[in-house]
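Input: a single structure, listed below in structure tokens.
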Amino acid sequence: MKRSILSTERFSWPLVSAVIPTRNRPVMASRAVRCALNQTYPNVEVVVVIDGSDPETMNALTALDESRLRIIMLSQNVGGSEARNVGVREATGDWVAFLDDDDEWLPAKIEKQVSVAMEMAGALSFVACQFVDGGRYGKRVLPVLHESPRSSFSDFLLCRPSLFGGSGYVQTSTWLVSKQLADICPFTPGLKRNQDLDWMLRAMSIPGARFTLVMEPLSIFNSAQETGRVSKSPDWQFHYRWALDNLHYFSKKALAYFLATTCVEDAVKQGQRLSASVHLLYAMFRYGDVSLRCLLLFAYYFLCPENLRQRARGAVASIRNRGRKVLPCG
């Protein structure tokens, strides 16, 4: 059995900076701070970036009276990407861990990720973990039986193994990133969607950047909690243009999957499935590598309503996760 890093006296604990962007959600922001400070890993600082004037959140966080907490309230709203960039610039740790204010970490998340990170070669390291997707129709552990990528990182993120199984996509609150990588690859300011996917594709294209995935759910993504989440309104045209503008970051196979799922899903929500399908199928065959599974996913997202897809995923997840217990940080 692998020993806990906390039981190894000679281990020097590098400082981890937890970066939490927030706005107008004092209760959630306070919970997120407690999640970060209550980690079993002993050397954590928390940097909260309040994205615009928000005295209520500032007062709630100040009342926590935590010496390891730094609060930065911006004079104006700059968006989630730039708020995270501000947090990275203010971070003093060797590692940066991102936490959205409505998500949660399990207590041993940072300890287990740092243990893996210290075994990785190179300074440009990115460690993610599985997470619990707390959806409306039941909890899923994602990614599903998916090891770290051995070839194309975009394939790992986007190519779905089945109709019901998730891709290798790793949500932002699972990330532990070396400060050096976070500094040289900031989030794209002003990007209203795909901020995390955009960052991962760019970061992993940097020579020497390395990625590994801890195959244990250590974070909780509260996807059913719609209120206040950024970029919930559908916009297939935005996804489409963004993907074609960033073709060089995608494998042909991954691009086809992105168009067949993310873009089709939003087109259906917008009531534009027929007009959008012409553009999307054309782009899939012109720029992508279209497999039978990819076409089946296109048809599945095109024909099956979102609530039925969610129910099917929830049913499959309940079978897979029987006996698994995942507790929040409290």
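Keeping to segment 28-49, report how many residues are closer than 24 Å to Met73 by Cβ and either small (Gly, Ala, Ser) or touching a Phe, Trp or Tyr at 6+ places or on another chain (Cβ under 9 Å) (or both).
Applying the first criterion (closer than 24 Å to Met73 by Cβ) to segment 28-49 yields 28-38, 44-49.
From what's left, either small (Gly, Ala, Ser) or touching a Phe, Trp or Tyr at 6+ places or on another chain (Cβ under 9 Å) (or both): 29-30, 32, 35-36, 38.
Here the count works out to 6.
Can you tell me which of Gly135, Gly87 is assigned by TED's automatic domain parsing to the domain that holds Ala209 and modelled with pLDDT of 95 or more? Break it down into steps so the answer makes sense when it comes.
Values: Gly135 fails: modelled with pLDDT of 95 or more.
Result: Gly87 is the single residue among Gly135, Gly87 that is assigned by TED's automatic domain parsing to the domain that holds Ala209 and modelled with pLDDT of 95 or more.
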Quiz item: Assuming Glu90 fulfils every condition listed in (1) under 19 Å from Val170 (Cα atoms); (2) surrounded by fewer than 23 Cβ atoms within 10 Å (Cβ to Cβ); (3) among the acidic types (Asp, Glu) apart from one, which condition is it?
Solution: (1)
Quiz item: For Gly166, which of the numbered conditions (1) modelled with pLDDT under 95; (2) part of a helix (DSSP H, G or I) fails to hold?
Solution: (2)
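Looking at Thr62, Thr40, which one is touching a residue at least 12 places away in the same chain (Cβ under 8 Å) and more than 20 Å from the chain's Cα centre (by Cα)?
Details: Thr62 fails: touching a residue at least 12 places away in the same chain (Cβ under 8 Å).
Exactly one residue qualifies, and that residue is Thr40.
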Quiz prompt | Contacts under 6 angstrom Cβ, first residue in segment 164-182 being under 20 Å from Ala254 (Cβ atoms), partner part of a strand (DSSP E or B) and at pLDDT below 95, 6 or more apart | solution = Gly166/Leu142; Gln171/Phe131; Gln171/Phe221; Thr174/Phe131
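Looking at this structure, is Tyr282 in the same structural domain as Pro305 (by TED's automatic domain parsing), in contact with a Cys (Cβ under 8 Å, 6 or more places away or on another chain) and either modelled with pLDDT of 95 or more or in a loop (DSSP other than H, G, I, E, B) (or both)?
Judged against the criteria, Tyr282 is not a match.
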Quiz item: What number of residues within segment 263-298 are in contact (Cβ under 8 Å) with a residue 60 or more places away in the chain and loosely packed, with under 15 Cβ neighbours inside 10 Å?
Solution: 1
Quiz item: Do we have any residue at all in segment 75-86 that's surrounded by 22 or more Cβ atoms within 10 Å (Cβ to Cβ) and part of a strand (DSSP E or B)?
Solution: no
Quiz item: Between a first residue in segment 299-311 that is among the aromatic types (Phe, Trp, Tyr) and a second residue that is at pLDDT below 85 and not in a helix (DSSP H, G or I), which pairs have beta carbons less than 7 Å apart while being 6 or more apart in sequence or on different chains?
Solution: Tyr300/Leu163
Quiz item: Would you pick out the residues in segment 138-157 that are touching a helix residue (DSSP H, G or I) at 6+ places or on another chain (Cβ under 8 Å) and at pLDDT 75 or above?
Solution: Lys139, Arg140, Val141, Val144, Ser152, Phe153, Ser154, Asp155, Leu157
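Determine if segment 44-65 includes at least one residue that is closer than 23 Å to Ala182 by Cα, modelled with pLDDT under 95 and among the small types (Gly, Ala, Ser).
Narrowing segment 44-65 to residues closer than 23 Å to Ala182 by Cα: 44-52.
If we keep only those that are modelled with pLDDT under 95 too, we end up with none.
No; the residues of segment 44-65 include none that is closer than 23 Å to Ala182 by Cα, modelled with pLDDT under 95 and among the small types (Gly, Ala, Ser).
The values are calculated or read from the model by the stated rules, or taken from the named source; none is laboratory data. Just so it is clear, the model here is predicted, and its values are computed rather than measured. No Cβ is skipped: glycine too gets one built from the backbone with ideal geometry, and neighbour counts run over all protein chains shown.
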